[in-house]
There are 2 protein chains.
Amino acid sequence: MSKPRGIVLLSGGMDSCVCAALAARDYEPAALHVSYGQRTESRERAAFHAICDRLGIAQRLAVRNETLRAIGGSALTDHEISVPDASREIGSSIPLTYVPFRNAHFLAVAVSWAEVMAATRIVIGAVEQDSSGYPDCRPAYYSAFNEVIRTGTAEGAIRIETPLIAMRKAEIVQLGLELGAPFDLTWSCYVRQDRACGTCESCILRLRAFEAAGVRDPIPYAERQA
Amino acid sequence: MSKPRGIVLLSGGMDSCVCAALAARDYEPAALHVSYGQRTESRERAAFHAICDRLGIAQRLAVRNETLRAIGGSALTDHEISVPDASREIGSSIPLTYVPFRNAHFLAVAVSWAEVMAATRIVIGAVEQDSSGYPDCRPAYYSAFNEVIRTGTAEGAIRIETPLIAMRKAEIVQLGLELGAPFDLTWSCYVRQDRACGTCESCILRLRAFEAAGVRDPIPYAERQA
């Protein structure tokens, strides 16, 4: 029996890279990348293609969302707002880097594409714990979105999967190592595109994850916290 | 007490025009227009601005969604697929003009904008009966989407309203006349931009609505069915 078609949302970061490795194992995979005028846009798109190349994912869609930047309201898309260093308690409140309702834009693209290509699964690397406190990374949100898909699509058979949502970041690193996820090709930094800054909240979360897993993060950093 | 902020999704067609008139009456109104590479894109955007001008809606956002056309799969966005004449039974099955999961793209933009401007209501002119049989025009879909908003936004206080969803098209015309909705400025045709074709499913539904309401549709048609 052939594998079902599955679309992985692949930003190019470590979590979505692990999801891409899962999708390549379990599904006939297709990968979706949505850039949205975020600061590190071209670096993330390059990571997307490099990860797909390594994992042998030929079916790809890389599109640009023009509306999130027009709306603004986040340090990632509005260059009037600075990306904070991760000195505050991560996860204690909704941070400045929250892009309002961002994941719904990405999921809408994934579902439209799934309808056209008859894919039945969408894999997204949302993580609830150890994450930045974004409201659209919680299980209840994905349950509700699956109901939107069931009621709002022609077939209703498409389902979102969140394989990492209950995992700690260190467990995600371990899973990625087991699957051969190409962490060396990923990009997580919110600020820089040459070497990762090592001090934004995304870099801090990532460095903590590798440290907790007891392995060295293979990408180059401008600065590493002790 | 000041009115709450409400965003109306305004395509420029008759249903959304009535919703804009409702929003202008009940809310501090803002209007959102999303074009998506559909055939009559520039004509619909002109209708959006003309309707806003007439209703005195100053706060506007007109954006372009680049992904729906990249995905295709609909006669409205894929010019390899012809827009059918409305000879088949309208509403009997999902038509070729269905744009897969389109309304979720529009609602995602509306919710992101609502979060940034602190609006608490989103008004959309979805109609279940007398409509084209699109799955994303049913009440269950909007209930589910409201749950996505509740679980996936920072405040959770935004709610979608669908004031027309249970109305017949003739009732919508009547309501619009009572509210002074500027039907003369609207555009519904899927095919032409100079005069409405009078034969596509959107024109047919509209002409039937005005006929059932016993009033003449004020826009010019190339051809009118007897």
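The values are calculated or read from the model by the stated rules, or taken from the named source; none is laboratory data. Since the model is a prediction, treat every value here as computed from it, not as a measurement. Reconstructed Cβ throughout: ideal geometry from the backbone, glycine too, with neighbour counts over all protein chains shown.
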All but one of (1) farther than 23 Å from B:Asp53 by Cα; (2) within 14 Å of another protein chain (Cβ to nearest Cβ); (3) among the small types (Gly, Ala, Ser) hold for B:Gly198; which doesn't? (2)
If you scan the range B:152-191, which residues turn out to be surrounded by fewer than 19 Cβ atoms within 10 Å (Cβ to Cβ) and among the charged types (D, E, K, R)? B:Glu155, B:Arg159, B:Arg168, B:Glu171, B:Glu178, B:Asp184
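Give the residues of the range A:119-146 that are of a type outside the set (A, V, I, L, M, F, W, C), over 21 Å from A:Pro100 (Cα atoms) and within 13 Å of chain B (Cβ to nearest Cβ), sorted by residue number.
Narrowing the range A:119-146 to residues of a type outside the set (A, V, I, L, M, F, W, C): A:120-121, A:125, A:128-136, A:138-139, A:141-143, A:146.
Of the ones still in play, those that are also over 21 Å from A:Pro100 (Cα atoms) are A:120-121.
None - no residue of the range A:119-146 is of a type outside the set (A, V, I, L, M, F, W, C), over 21 Å from A:Pro100 (Cα atoms) and within 13 Å of chain B (Cβ to nearest Cβ), so the list stays empty.
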Looking for whichever is within 26 Å of B:Gly152 (Cα to Cα) and free of Cβ contacts under 8 Å to residues at least 40 places away in the same chain here; the options are A:Glu147, A:Glu115. Which one fits? A:Glu147
Verdict on B:Glu66 being among the acidic types (Asp, Glu) and under 28 Å from B:Ala118 (Cβ atoms): yes
Which of the residues that make up the range B:186-211 are under 14 Å from the mean Cα position of the chain (by Cα) and modelled with pLDDT of 95 or more? B:Thr186, B:Trp187
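What about B:Ile71, is it buried (at least 18 other Cβ atoms within 10 Å of the Cβ) and modelled with pLDDT of 90 or more? Give the derivation first.
Working: buried (at least 18 other Cβ atoms within 10 Å of the Cβ): yes; modelled with pLDDT of 90 or more: no.
Here the answer is no, as B:Ile71 does not meet what is asked.
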Flagged in the range B:190-222 as assigned to a loop (DSSP other than H, G, I, E, B) and of a type in the set (A, V, I, L, M, F, W, C), in numbering order, are B:Val191, B:Cys197, B:Val215, B:Ile219, B:Ala222
If a residue must be at pLDDT below 95, outside any loop (DSSP other than H, G, I, E, B) and out of contact with any helix residue (DSSP H, G or I) (no Cβ under 9 Å at 6 or more places or on another chain), how many such residues does the range A:19-41 contain? 1
Quick check on B:Asp15: is it buried (at least 17 other Cβ atoms within 10 Å of the Cβ) and in a helix (DSSP H, G or I)? yes
Counting just the residues of the range B:91-124 that are touching a strand residue (DSSP E or B) at 6+ places or on another chain (Cβ under 7 Å), surrounded by fewer than 24 Cβ atoms within 10 Å (Cβ to Cβ) and in a loop (DSSP other than H, G, I, E, B), which one comes out modelled with the lowest pLDDT? B:Ala118
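Filtering the range A:41-66 down to residues that are under 20 Å from A:Ala181 (Cβ atoms) and β-branched (Val, Ile, Thr), which residue is surrounded by the fewest Cβ atoms within 10 Å (Cβ to Cβ)? Outline the logic, then answer.
Pass one, the range A:41-66, residues under 20 Å from A:Ala181 (Cβ atoms): A:43-60, A:62.
Next cut, β-branched (Val, Ile, Thr) only: A:51, A:57.
Values: A:Ile51: 29, A:Ile57: 21.
Among those that are under 20 Å from A:Ala181 (Cβ atoms) and β-branched (Val, Ile, Thr), it is A:Ile57.
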Might you check whether a residue that is more than 21 Å from B:Phe48 (Cβ to Cβ) and among the β-branched types (Val, Ile, Thr) occurs anywhere in the range B:218-225? no
Counted residues in the range A:150-167 being within 9 Å of chain B (Cβ to nearest Cβ), part of a loop (DSSP other than H, G, I, E, B) and free of Cβ contacts under 8 Å to residues at least 40 places away in the same chain come to 2
Restricting attention to the range B:132-142, does a residue exist that is part of a helix (DSSP H, G or I), modelled with pLDDT of 85 or more and surrounded by fewer than 17 Cβ atoms within 10 Å (Cβ to Cβ)? yes
